1. How large is Rg/Rh for segment 107-150, to two decimals, with Cα atoms and a Kirkwood Rh?
2. Quick check on the chain: of the DSSP beta bridges with both residues there, what percent are antiparallel, nearest 5%?
3. Need one word for the chain: rounded, prolate or oblate. Basis is the Cα gyration tensor (sqrt eigenvalues a ≥ b ≥ c); a/c below 1.5 gives rounded, then a/b vs b/c decides.
4. Once amide H atoms are built 1.01 Å from N in the peptide plane, which residues 5 or more positions from residue 115, or in another chain, come under 5 Å H to H?
5. What is the packing order of peptides 90-101, 174-185, taking the mean over residues of other C-beta atoms within 10 Å and listing the highest first?
6. Decide, for segment 132-174, between rounded, prolate and oblate: order the square roots of the alpha carbon gyration tensor eigenvalues as a ≥ b ≥ c, take rounded if a/c falls under 1.5, and otherwise choose prolate if a/b is larger than b/c, else oblate.
7. Between residue 53 and residue 214, what is the label-to-label distance in nm when each label sits 7 Å out along the Cα-to-Cβ direction?
8. At 1.4 Å probe size, what's the solvent-accessible area of residue 218? Round to the nearest 10 Å².
Amino acid sequence: MGADTTTTASNVLVLLGPPGAGKGTQARLLEEQLGLVQLSTGDLLRAAVRDGTAAGLAADKVMKAGDLVSDAIVMEILEERLEQSDVARGVILDGFPRTSAQAEALDALLARHGMSVGAAVALTVDDNAMVERVSGRATCAICGEGYHDQFKPPAKPDTCDVCDGGPLTRRADDNAQTVIARLQAYHAQTAPLIDHFENRGVLRRVDAMGPIPEIAGSLGNVVKALNS
Ligand code: AP5
């Protein structure tokens, strides 16, 4: 997965996994290592909600309930993001695709931007630990760095270490009840996509229950091996 954008290049990494698996945490670590840009449909939808766009207004209630936003809205915001020049070197898809319709649409969508999927990694976790992971999450409102009350606390309470002073925020859908609904949506609609990528010969699985830096090392090795 290099930075070649002159022809269709295998410069897209898909991260699959349930809420709390560490998709966002690992995508941020991999961005620099792989020279790719993290593209999270969850982040794009939350930005649309904050901006009060038509897509955001429609998505807000659905996200708070822990259900999946319609394919049409997700495809629209993703397409718009892929128009921007910074993603031309390749992307890490975090939280997309999530339904078989999204997986079907992915190839055509990427081809229009000179990209194709080089690797898909399923982060395997114990569902029982995910409620604790998600409930303890905090994110910097300025730079987006992720924290956890227990597993990755900031040096100063409620203050980002990276941009030195950014306030930490909590997501509206990070409560135990909604996490359970999100886990159910994942198993019903997204987990079957693991077979989709396996059938295409690009799937690898990474155990995502260890410490964050160890998982990052395993992921980096898996992606390098797939592309060598
Ligand atoms: P989205 O924002 O994608 O959320 P999610 O998939 O539920 O995933 P999370 O962001 O909760 O978890 P993560 O795997 O990124 O974990 P993280 O690294 O943050 O989607 C939200 C909603 O938007 C959906 O419910 C849906 O409504 C909608 N949506 C989004 N995309 C959509 C799509 N394509 N189609 C339809 N609807 C869509 O880690 C979690 C916490 O654990 C952090 O605090 C972190 O510090 C900590 N942590 C991470 N790794 C470890 C570790 N190894 N050990 C201990 N703690 C760890």
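The values are calculated or read from the model by the stated rules, or taken from the named source; none is laboratory data. Fair warning: this is a prediction, and the values are worked out from it, not measured in the lab. Cβ atoms come from the backbone with ideal geometry, glycine included; neighbour counts cover every protein chain shown. The area values use the complete protein model at the heavy-atom level, side chains included, leaving out ligands, DNA and RNA. Shrake-Rupley method; radii C 1.70, N 1.55, O 1.52, S 1.80 Å.
1. 1.19
2. In the chain, approximately 25 percent of DSSP beta bridges are antiparallel ones.
3. Since a/c stays below 1.5, the shape of the chain is classed as rounded.
4. Correct list: 9.
5. 90-101, 174-185
6. Judged from the Cα gyration tensor, segment 132-174 comes out oblate (a/c at least 1.5, b/c at or above a/b).
7. 4.0
8. 50
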